[in-house]
Structure formats: C-alpha cells, structure tokens
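The values are calculated or read from the model by the stated rules, or taken from the named source; none is laboratory data. Source: prediction; values computed, not measured. As a convention, Cβ positions derive from the backbone with ideal geometry for all residues, glycine included, and neighbour counts pool all protein chains shown.
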Amino acid sequence: MRQRLTTLIAFTGLLAVGAHAQVPEEVIQQSFFPYEDGMPGAEGYEPGVVINKDNVDQYEGIIDEFLYRYVKNGWTELRTKPNFSLPLHPNYVQATRDHAGSVSLSPEGALLDHVAGRPFPQAPSLDDPEAGLKQIWNYQRGFNAGDSETIKPFYWTFRDGKTGKTERQIRFHWRFLNWKHRTVFDPKPDIEPNPGGIFRSIYGTVLEPFDLANTQLLIQRYEDDLQRDDAWLYLGFQRRVRRLASGQITDAFLGTDAMIEDFEGYNGRVSDYEWTYIGTRNVLMPFIESRDEATLDTEPERDPDGFRFIAMGGQGNCFPQSPWRLRTTHVVEGRPKDPSHPLSKRVLFFDSQTGTAPIIHVYDKKGDPWKWFPICKTRPEAHLPINHDSGVPIEDCAVFWDEQADHCTTLQFKVMINKEDTKPLLFNVQNMRKTGR
C-alpha cells in the first residue's frame, strides 16, 4: 500500500508540472548552496595569505590570467580571506524549484518556457554543447540586481594608470527595473501593462559635473532576445533625446573605459555571441563579507549620510582594495557573431552560487588582452542595513582597466534594493524629456 501511495504522489507531482520532470532537490541545493559541505580549496593555499609579486607563482592556478600578470608586475597585491556563503533570496530559489524543470532552449538558442528563477540550475558539463549558452542565460535571468535596484551616488572616476592622477569624476544616479520574471517585489512575476514586451530597463542620469549634468541614458531590453535593444541618450546641453544606433553600444561611454555592452559584465543580447563553456575552477574573487575588512575611502563627505566607498589603490589607483576569496567559478567564453565587432572575445567568470560575473576579460580584435573588469560583491546588509533580507549580491566596487592604454575607470557604488525609486513610469522617453527641461 505504501509503495502504491508513493507512486501515486510522484505521478500527481509529474502531472502538476506537465510533461517536464521536476529538478531534483540535490541539484537545487548544489546550485544555490554549494558550500554547505565545505569551502573550495587549492594545494598550498591557506586563506589569510597576502599574494604579491614575490609569491604569486605559487598561486597561479587560482588567480585569473589577467590579474596574475598584474600581481606579477607588482601593480597590486591580494589580501585573501576565508570564503563565505552568499545565498540568494528564498523566493528566487523557490521559483527555480517551481519552474526550472519546464525550461528549455530552442534550436536557435532562445530561452523557452521560463517563468522565474534560475533557468538551468544543473551543474555545467563539458559534454554538453549548450553548457555555455545555459550559463549566460542563467546570468541574464539572474538576481544580480534583484527585481529593482537604485545606485545613488554612483561614482565613475577616470584615472591615469601610470601616475594615478584623477582626470575626471562623474556622479550618477542609476536605476534598474525587471518588468518580467520577478520573484520578490509585487507585482509578480510580471509588471502589466507591458505591450512592448520589455524584459528589463536601465536608466542612468548624470548628476555632476556641471557640463554633463542631466545627461540621461535609457536602455530597454526585450523578452524576445532576437529583438534589438532600444537605447536613447538625452544630452543636457542640447536638450534633446536621440536614439542610439545599435553599433554605438560598443563605443566608449561618455569618455570612460567602458562600452554600454560592458555594463554589469555583459549588457547585450545572448544571441549576439557564440558561447562556450570552458570549465569550472576555483578562482580568487573580490567578495566582501564585512566592510570592516575592506579599505574604505577617506572622503566620507562625498555622501550626505557619511557612507564610505571601497577605496582604490595599487598601480594608478586602479585596483579595488577588497579582500579576495576562493570561489567555485564557471568560466564561459563568448565570441561576437558580428565580424565588425571591436572584440575577438570576452571571457566571463561566473560565480557558481550567485550567478554573477565578478571577473571579466576582454580581448581586442587581434586577440590580444585588452581590458579587465573586476566587480566586487558583498552581503546586502553589510553594504547598507536597508538591504537586509533582500537576498541580492550587492555590487560594491568595480574597475574598467584598459591595460593597452594604461588607463582605468573606477566605479564606487551606494546601492539600495527598493521599488520606491524604480516606478515603471520613470523608464520612458517622455520622462527623459520632462526631467531634462
């Protein structure tokens, strides 16, 4: 009788999810809680060691290739700390349980039947030709900024990579809004009405300096990945909105070392690249458990609340003064399909637990190393108490380092996970014109 009852329950559960099998719970646990049975290690590595040019060769296997060269050159050193778990919001994890079993890829690589949560929680395999594509979809439908996020202030500082001289500083207000696949903020899973089928909106406004003040950027990414993003730029000194051509997302943004396509690690369509899974390895990443363990900026007056930003140091003041921790990482290589694209490839190091990309490598058209993008991650409540229980791996600092030009743009964040500052009516061209007057 008990066996028949168990069989009936299993069959009923299968009917509840249609023809798709439920993702096993052990897969969910391994995807979102990979450190329950212990932290990753490496031969000869002990957390707490300071890695510099004198001992870096001992740790070459756990340092990304670009950073290894920079440490070897004496440009920076790495203060390591024991790893910690950074779990995502329980609603996002539950959405993965509820819906991942129904997700698949079309023959063209489009995501099918995704409702919410991580589309492919299964561990990637080199035997799976779609493994790279699945990892980039996990990133695109991830919880990097939650359902909505505000960054204010957001400092972008241009620095001479040889002298460390600050050339210019831009202060931004950025907003991010997910229209679809929402798991925490109401309405869930989608905001309606949404006749254009927008998946995600990004809206940035320059606050300072005076000559760029009120410059605005609006990006609309659509649920249909084959539909090109729409982007508009409002130039305060011209007092008009202009639509950006698709090719302009690979131009330098406002004179920085970043392209629009570089935002957050990769801010483009999945279908614009061919994605290949390279393998899984343990890599040192800039993860912050407590702000007390990071070096903080000495200018608290930059924020009216006295918030202290993560400091920059090393060669040219171009390296984040964050602790580094050994994390399990899925490495994916993307090669642009457009032969006129300025890159030959970009390599993303995806943190296996959070699904974020804390390290990115960019190679120029000839295939030579060009840019290194580290993005510091921290516990939400360690960044700001208001982010407690948000379940978002907060961005705390980042760098766009152009090694060919000996130049960098450093980014310092004050992040709030909220919906009060991300009303849907803000994310349209009419609002850009209205606020620009």
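For the stretch 354-366, indicate whether the set of residues that are on the phi > 0 side of the Ramachandran plot and touching a residue at least 40 places away in the same chain (Cβ under 8 Å) is non-empty.
There is at least one residue in the stretch 354-366 that is on the phi > 0 side of the Ramachandran plot and touching a residue at least 40 places away in the same chain (Cβ under 8 Å).
Scan the stretch 322-341 and tell me whether some residue there is modelled with pLDDT of 95 or more, under 25 Å from ARG168 (Cβ atoms), crowded, with 23+ Cβ neighbours inside 10 Å and touching a strand residue (DSSP E or B) at 6+ places or on another chain (Cβ under 7 Å).
yes
Of all the residues that make up the stretch 416-433, how many are without any contact (Cβ under 8 Å) to a residue 12 or more places away in the chain and among the aliphatic types (A, V, I, L, M)?
1
Cβ contacts < 7 Å: first residue part of a helix (DSSP H, G or I), restricted to the stretch 310-325; second residue among the aromatic types (Phe, Trp, Tyr), any location; separation 6+ or different chain. Result?
The qualifying pairs are GLN315/TRP75.
With (1) over 19 Å from ARG433 (Cα atoms); (2) of a type outside the set (Asp, Glu); (3) assigned to a loop (DSSP other than H, G, I, E, B) as the list, and GLN248 as the residue in question, which single condition is left unmet?
Just one mismatch for GLN248, condition (3).
Evaluate the following for LEU177: is it farther than 26 Å from ASP402 by Cβ, crowded, with 21+ Cβ neighbours inside 10 Å and either in contact with a Lys or Arg (Cβ under 8 Å, 6 or more places away or on another chain) or free of Cβ contacts under 8 Å to residues at least 40 places away in the same chain (or both)?
Yes, satisfied.
So, of the residues in the stretch 282-304 that are assigned to a strand (DSSP E or B) and in contact (Cβ under 8 Å) with a residue 60 or more places away in the chain, which turns out to be farthest from the chain's Cα centre (by Cα)?
Taking the stretch 282-304 as the starting set, the residues that turn out to be assigned to a strand (DSSP E or B) are 282-285, 287-288, 296.
In the following step, the residues that additionally are in contact (Cβ under 8 Å) with a residue 60 or more places away in the chain were identified as 282-285, 287-288.
Working: ASN282: 19, VAL283: 17, LEU284: 16, MET285: 13, PHE287: 13, ILE288: 15 Å.
Of everything passing the filter in the stretch 282-304, ASN282 is farthest from the chain's Cα centre (by Cα).
Name the residues in the stretch 393-432 that are of a type in the set (A, V, I, L, M, F, W, C) and either within 15 Å of ALA382 (Cβ to Cβ) or part of a strand (DSSP E or B) (or both), would you? Give the derivation first.
Within the stretch 393-432, the first condition is being of a type in the set (A, V, I, L, M, F, W, C), and the residues that meet it are 394, 397-401, 405, 408, 411, 413, 415-417, 425-427, 429, 432.
Listed by number, the residues that qualify are ILE394, CYS397, ALA398, VAL399, PHE400, TRP401, CYS408, LEU411, PHE413, VAL415, MET416, ILE417.
Could you identify the single residue in PHE307, PHE349 that is of a type in the set (Phe, Trp, Tyr) and part of a loop (DSSP other than H, G, I, E, B)? Step through it out loud before you land on a result.
Values: PHE349 fails: part of a loop (DSSP other than H, G, I, E, B).
The match here is PHE307.
Could you list, in sequence order, the residues of the stretch 37-57 that are surrounded by 14 or more Cβ atoms within 10 Å (Cβ to Cβ) and in a helix (DSSP H, G or I)?
Selection gives VAL56 alone.
Can you tell me which of LEU343, LEU326 is among the aliphatic types (A, V, I, L, M) and over 30 Å from ARG228 (Cβ atoms)?
LEU326
What are the residues in the stretch 208-245 that are within 20 Å of GLN140 (Cβ to Cβ), crowded, with 17+ Cβ neighbours inside 10 Å and of a type outside the set (D, E, K, R), if any?
LEU217, LEU218, ILE219, GLN220, TYR222, ALA231
Give me the residue from the stretch 331-386 that is among the β-branched types (Val, Ile, Thr) and under 30 Å from GLY306 (Cα atoms) and, out of that set, farthest from the chain's Cα centre (by Cα).
Selected residue: ILE386.
If the requirement is being under 28 Å from VAL93 (Cβ atoms) and of a type in the set (Asp, Glu), which of these qualifies: ASP292, ASP351, ASP338, ASP303?
ASP351
Determine if the stretch 350-358 includes at least one residue that is farther than 30 Å from GLN30 by Cα and not small (Gly, Ala, Ser).
Among the residues of the stretch 350-358, not one is farther than 30 Å from GLN30 by Cα and not small (Gly, Ala, Ser), which makes the answer no.
What are the pairs with Cβ atoms under 8 angstrom where one residue, in the stretch 389-415, is at positive phi and the other, located anywhere, is among the aliphatic types (A, V, I, L, M) and in a loop (DSSP other than H, G, I, E, B)? Sequence gap at least six, or different chains.
GLY391/LEU88; GLY391/VAL184
Could you check, for the stretch 134-146, whether at least one of its residues is hydrophobic (A, V, I, L, M, F, W, C) and farther than 18 Å from PHE413 by Cα?
Looking for residues that are hydrophobic (A, V, I, L, M, F, W, C) and farther than 18 Å from PHE413 by Cα, one finds at least one in the stretch 134-146, hence yes.
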